[in-house]
Amino acid sequence: LERANLRFYAPFEGTIAPSIAGGKIGPGTTPIKFLTGSKKDVQLVPGLRGTGLRAKPGLSFQYLTRESFSLKEGTVAFWVKPIGWSGLRDADTFLYIRTDKVALHFVLIPGQVYYYIAALGTGKYYLIPTAVDGNQRDPFKDGEWTFLAGTFKPGEQSWYINGQLMNAMTEGLHEPEFSKKGVVEIPEGNHVLDEVMVFDRVLTEKEIKA
């Protein structure tokens, strides 16, 4: 992936503090706010490279990092490894991005993996699915890493798994804007998370595959 536009990077190498925030090397002054659990509940385990974060029930936290986002476009990407995977029948939540008025969610709802976009406080949302025809292919295998990425810009939002474009939406969009708020949230889950990245522009499919 193109690192020149990398604004936020959490590799979970011995710490949950980001190694890049606001486009600058080092965690800077990025606050980390625990929603459930605390620092003592953080468990670092073997990751894609080095160590990764064991997402689990009772642990969720946020990086308050508006300066890591450009105003209206970007790419969010990360690696996930399921634990005890038994197919798409169970729910899981991988990553949330919270903006001024819109939230971007990467989730598994039984039967489908989605890039789920919600307009905060309105009850309105839509789900960008993995399979255009509804014929879901399971992208996960127990103990193996899967790469998820979502892009957003005015007029288009796209969803990728393992570098392949799954689906895109261009109409009726809830469009994120990061003028006041930019939050990377690690929700409760049951997997290992690694290499969480935020880029300040929409990466091309070729770049996402790289």
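Residue by residue, here is whether (1) surrounded by 19 or more Cβ atoms within 10 Å (Cβ to Cβ); (2) in contact with a Lys or Arg (Cβ under 8 Å, 6 or more places away or on another chain); (3) among the small types (Gly, Ala, Ser) holds:
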site	(1), (2), (3)
28	no, no, yes
51	no, no, no
74	yes, yes, yes
77	yes, no, yes
Take the residues in the stretch 80-108 that are within 9 Å of the chain's Cα centre (by Cα) and of a type outside the set (Val, Ile, Thr); name whichever of them is most open to solvent (accessible area, probe 1.4 Å). 96
Pair list, Cβ < 7 Å and 6+ apart or interchain, from the stretch 143-167 residues that are surrounded by fewer than 17 Cβ atoms within 10 Å (Cβ to Cβ) to residues that are among the basic types (Lys, Arg) and not in a loop (DSSP other than H, G, I, E, B): 143/81; 144/81; 163/209
Residues in the stretch 75-93 that are modelled with pLDDT of 85 or more and touching a Pro at 6+ places or on another chain (Cβ under 8 Å) total 3
Output for the stretch 98-123, where each listed residue is within 17 Å of residue 186 (Cα to Cα) and assigned to a loop (DSSP other than H, G, I, E, B): 99
Quick one: would you say residue 15 is under 16 Å from residue 195 (Cα atoms) and not in a strand (DSSP E or B)? yes
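Looking at 72, 56, can you tell me which residue is under 19 Å from residue 140 (Cβ atoms) and touching a residue at least 60 places away in the same chain (Cβ under 8 Å)? Can you show your working first?
Numbers: 72 fails: under 19 Å from residue 140 (Cβ atoms).
After applying the criteria, what remains is 56.
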In the stretch 58-74, anything part of a loop (DSSP other than H, G, I, E, B) and either under 30 Å from residue 156 (Cα atoms) or modelled with pLDDT under 95 (or both) is listed as 65, 69, 70, 71, 72, 73
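Results for (1) closer than 21 Å to residue 193 by Cα; (2) of a type in the set (A, V, I, L, M, F, W, C), shown as yes or no for each residue.
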| position | (1), (2) |
| --- | --- |
| 50 | yes, no |
| 54 | yes, no |
| 66 | no, no |
| 73 | no, no |
| 84 | yes, no |
| 91 | yes, yes |
| 94 | yes, yes |
| 104 | yes, yes |
| 110 | yes, no |
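The values are calculated or read from the model by the stated rules, or taken from the named source; none is laboratory data. Bear in mind the structure is a predicted one, so any value in this text is a computation, not a measurement. Neighbour counts are summed over all protein chains in view; Cβ atoms, including those assigned to glycine, are modelled from backbone coordinates with ideal geometry. The area values use the complete protein model at the heavy-atom level, side chains included, leaving out ligands, DNA and RNA. Shrake-Rupley method; radii C 1.70, N 1.55, O 1.52, S 1.80 Å.
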